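Remarks on the structure that follows.
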Amino acid sequence: MHEGELMRSKLVIGNWKMNGDQATINGLIADLSKTEVSRLSELVVCPPFLYLQQVGNSLSQSAVKLGAQNVCQFSNGAYTGEVSASMLKDLGCEYVLVGHSERRHVFGESSQQVFDKASQLIEAGLVPVVCVGETLSERESGITEKSVAEQLSFFLTEQGVAVLEKCVLAYEPVWAIGTGLSATPGQAQDVHRFMREHIGSRVAGVSARLQILYGGSVKAGNAAELFAMPDIDGGLIGGASLVAKEFLAIAEAAGSYKAT
């Protein structure tokens, strides 16, 4: 194991997306609140905005941390329907997703917006989880690395590095999100290694410390093999995070959960 890997703990984040209601969420968090998390890892859930306070209050005495799925790139003001970083901080969030492929491809968010959102989060004392990944056509065209590098470009400027070093990265191949398909451990490791080397070639001393998660149809059955790869530091989990037993099995595969 490389020295840099020894410095990186495991992190598993559940992204609930636009799912759930008060009743089903109460049942889910009742199971999650029983978790005991290793000191070398963290377990996070990201509910829809509407349920952040409900989930945060219910998990406040547990080891599970609270995250959000998005944030506005502006600090405050006349931005109807948006939620600021300071508001998320006020509700007890610690992590916030930015640049998820669904935000980029469905809602048209640019890499500049993703960077601006991450900057707002850093200023508020929150941890941005910056998502990147290629489409199926990009993979088939052999430009996966080019696509991922472009999505990271704003973080590799002189100004951007100060933001990047306080972020978590998540590689999610777009073709594997919600499709049942998953990158093989080798495919995922190749992109994770590229990301770490690409960053390291431009910014000395940052890439070895960065946590890089894998997301894209991660399940209990494939989690351990994925998380065993040297440059994969945990997972960003979608649909499987809505089933407590499955999510906790994934977390256990990362060493971030122990049955009590």
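When you work out D = kT/(6 pi eta Rh) for the chain at 10 °C and 1.306 mPa s, using the Kirkwood radius from C-alpha pairs as Rh and the Stokes-Einstein form, the result is 87 µm²/s. Considering helices alone, the calculated mean residue ellipticity of the chain at 222 nm is -11000 deg cm²/dmol, with DSSP H runs of length four and up weighted by -39500 (n - 2.57) and normalised per residue. Take the convex hull of the alpha carbons in the stretch 131-254; its mean projected area over all directions comes to 7.3 nm². Placing unit charges on the Cβ atoms only, positive for Lys and Arg and negative for Asp and Glu, gives the stretch 1-154 a dipole magnitude near 260 debye about its Cα centre. Charged neighbours of Asn76, selected by a Cβ distance under 13 Å, balance to -2 (K, R count +1; D, E count -1). Subtracting the Cα-Cα distance of Gln187 and Lys245 from their residue separation scaled by 0.36 nm leaves 18.2 nm. In the stretch 183-260, the alpha-carbon atoms span a convex hull of 85 Å³ per residue. Taking a straight Cα-Cα cut-off under 17 Å and skipping sequence neighbours fewer than 8 places away in the same chain, the lysines within cross-link reach of Lys34 are Lys65, Lys245, Lys258. The Kirkwood radius of the stretch 86-174, taken over pairs of alpha-carbon atoms, gives through the Stokes-Einstein law at 37 °C and 0.692 mPa s a diffusion coefficient of 245 µm² s⁻¹.
Electrostatic tally near Ser207: other residues with Cβ closer than 11 Å to its Cβ, Lys and Arg +1, Asp and Glu -1, net +2. Taking every C-alpha pair closer than 8 Å and separated by at least 6 residues, the mean separation divided by the residue count of the chain gives a relative contact order of 24 percent. Think of the chain as having a plus end and a minus end, set by charges on the Cβ of Lys, Arg, Asp and Glu; of Ala78, Asn57, Ser119, Asn57 sits farthest toward the positive end of this dipole. For the stretch 20-104, the Stokes-Einstein estimate of translational diffusion at 4 °C and a viscosity of 1.567 mPa s comes to 94 µm²/s, using the Kirkwood hydrodynamic radius over alpha-carbon pairs. The magnitude of the dipole of the chain, with charges of +1 and -1 set on the Cβ of Lys/Arg and Asp/Glu and taken from the Cα centre, is near 380 debye.
Since every read-out is calculated from the coordinates, none of them should be taken as a lab result. For clarity, every value in this text was computed on a predicted model and none was experimentally measured. Here Cβ is always computed from backbone atoms with ideal geometry, including for glycine, and neighbour counts include all displayed protein chains.
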